[in-house]
Amino acid sequence: MNTLARNAGPVFVMAAVTLLGSVFAYQATSIPNSQLVQPEELAKILQSPKGERPLLIQVGSHVLYEQAHIPGSEYIGPASREVGLGELRKRVQSLPREKFIVLYCGCCPWSHCPNVKPADDLLLSMGFSNVKVLHIADNFGANWVEKGYPVAKGE
Amino acid sequence: MAVAALYWAARPPGGDSEAGSRQHPFAADFSLPDLAGHTLTLSSYHGKVVLLDFWASWCDPCRAEIPRFVELQNKYRNQGLQIIGVSMDDGPEPVREFYQRFRMNYPVVMGNAKTGELYGGVLGLPIAFLIGRDGRVYSRHIGATSTSVFEDDIVKLLRTGTDSSRPCPGSTG
């Protein structure tokens, strides 16, 4: 009994750490900085006549997308759900693996976004080598629209 | 009730020319389906203090707030508080599941882009508005907000019907 009681604590801690790890593995904060693009940077890329224009994919909420989205971006999400991931897979399946793709959401503060990390993971697992994720610190309204970057509305 | 509905319908979203009204505009009215398919109209709650919460079932900060909203609804229901959730999910199924799992005790309607635009654009979640008994918006809270902040606002509005101490719909979070 004493042995059981002694082992229960560490086992509980390990289980908790594993659970927390699996939860946080899907959080945007675990996306490396090298894969991020900041709003100002992306706005410059989109405005520049030179260079490859990325395929922009919004992987969050359709209702938010309808109200405001980056012009030319496509709606796929929410990538936190299997249906959304399935749609994303179908969309990119036939694309060359070096295609420049930018994923974004903007539903919630970055540390809480449940959508960009699963989408990013999927594309990496499919062999895409030129994927960036738009770093939206607070939400799409505050970090894109209110900064005066280009916006489109509707479906 | 019909006169009240007409009054609400006639108000332009965003306020009128009365002094101070620019700071506390009338809440834009809407009619949306709830999870049972019945139509809920915001103006039918005129006379109550309404906490209007824009959220989604996949939004972590939203999920953290909702149990606290359930507590607030229980605590202040008899004094005239009505919480209304506006889900910005793409469809009702995950919302129904969430509603049952979290034992939500207030109505939830399915929002859309037009509703978001009526409230200045809901371009991030959660966003909550506190509406006084007079139908005016007294505060706006962007992002996860502590329960004590909501409760302070609610108590003031329940007591006085208005909260002219707030200069404008403030944003927090």
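Below is a table of values for the structure above.
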{"item": "Flag if B:L123 is touching a helix residue (DSSP H, G or I) at 6+ places or on another chain (Cβ under 8 Å), assigned to a loop (DSSP other than H, G, I, E, B) and surrounded by 21 or more Cβ atoms within 10 Å (Cβ to Cβ)", "result": "yes"}
{"item": "Check on B:D90, among the charged types (D, E, K, R), within 14 Å of another protein chain (Cβ to nearest Cβ) and more than 16 Å from B:L130 (Cβ to Cβ)", "result": "yes"}
{"item": "Boolean, A:N115 is more than 25 Å from B:G91 (Cα to Cα), within 14 Å of chain B (Cβ to nearest Cβ) and in contact with a Pro (Cβ under 6 Å, 6 or more places away or on another chain)", "result": "no"}
{"item": "Residue list for segment B:111-126, filter: of a type in the set (A, V, I, L, M) and at the interface with chain A (Cβ under 9 Å from one of its Cβ atoms)", "result": "B:A113, B:V122, B:L123, B:L125"}
{"item": "Odd one out for B:N105, checked against (1) within 14 Å of chain A (Cβ to nearest Cβ); (2) touching a helix residue (DSSP H, G or I) at 6+ places or on another chain (Cβ under 9 Å)", "result": "(1)"}
{"item": "Conditions (1) in contact with a strand residue (DSSP E or B) (Cβ under 8 Å, 6 or more places away or on another chain); (2) within 19 Å of A:G141 (Cβ to Cβ); (3) not basic (K, R): number failed by A:S61", "result": "(1)"}
{"item": "Qualifying position, being part of a loop (DSSP other than H, G, I, E, B), out of contact with any Cys (no Cβ under 8 Å at 6 or more places or on another chain) and either surrounded by 21 or more Cβ atoms within 10 Å (Cβ to Cβ) or modelled with pLDDT under 95 (or both), among A:G154, A:G72, A:G77", "result": "A:G154"}
{"item": "Residue match in segment B:53-60 (condition: surrounded by fewer than 21 Cβ atoms within 10 Å (Cβ to Cβ), of a type in the set (G, A, S) and assigned to a loop (DSSP other than H, G, I, E, B))", "result": "no"}
{"item": "Unmet criterion (only one of (1) in contact with a Gly (Cβ under 9 Å, 6 or more places away or on another chain); (2) outside any loop (DSSP other than H, G, I, E, B); (3) within 12 Å of chain B (Cβ to nearest Cβ)) for A:V83", "result": "(1)"}
{"item": "Out of A:G77, A:G51, A:G60, A:G86, sole residue that is on the phi > 0 side of the Ramachandran plot and of a type outside the set (A, V, I, L, M)", "result": "A:G51"}
{"item": "Residues being within 17 Å of A:L56 (Cβ to Cβ) and in contact with a Phe, Trp or Tyr (Cβ under 8 Å, 6 or more places away or on another chain) - total across segment A:78-94", "result": "2"}
{"item": "Subset of segment B:129-156 that is within 14 Å of another protein chain (Cβ to nearest Cβ) and in a strand (DSSP E or B) - its residue that is nearest to A:V59 (Cα to Cα)", "result": "B:I142"}
{"item": "Options A:L122, A:L103; residue that is under 10 Å from the mean Cα position of the chain (by Cα), away from chain B (no Cβ under 14 Å) and crowded, with 20+ Cβ neighbours inside 10 Å", "result": "A:L103"}
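Yes or no, residue by residue, for (1) among the aliphatic types (A, V, I, L, M); (2) surrounded by 21 or more Cβ atoms within 10 Å (Cβ to Cβ); (3) in contact with a His (Cβ under 7 Å, 6 or more places away or on another chain); (4) modelled with pLDDT of 95 or more:
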{"position": "A:V83", "(1), (2), (3), (4)": "yes, no, no, no"}
{"position": "A:L88", "(1), (2), (3), (4)": "yes, yes, no, yes"}
{"position": "A:M126", "(1), (2), (3), (4)": "yes, no, no, yes"}
{"position": "A:D138", "(1), (2), (3), (4)": "no, no, no, no"}
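The values are calculated or read from the model by the stated rules, or taken from the named source; none is laboratory data. Computed from a predicted model, the values in this text were never measured in an experiment. A quick note on method: Cβ atoms are made from the backbone with ideal geometry, for glycine too, and the neighbour counts reach across all protein chains shown.
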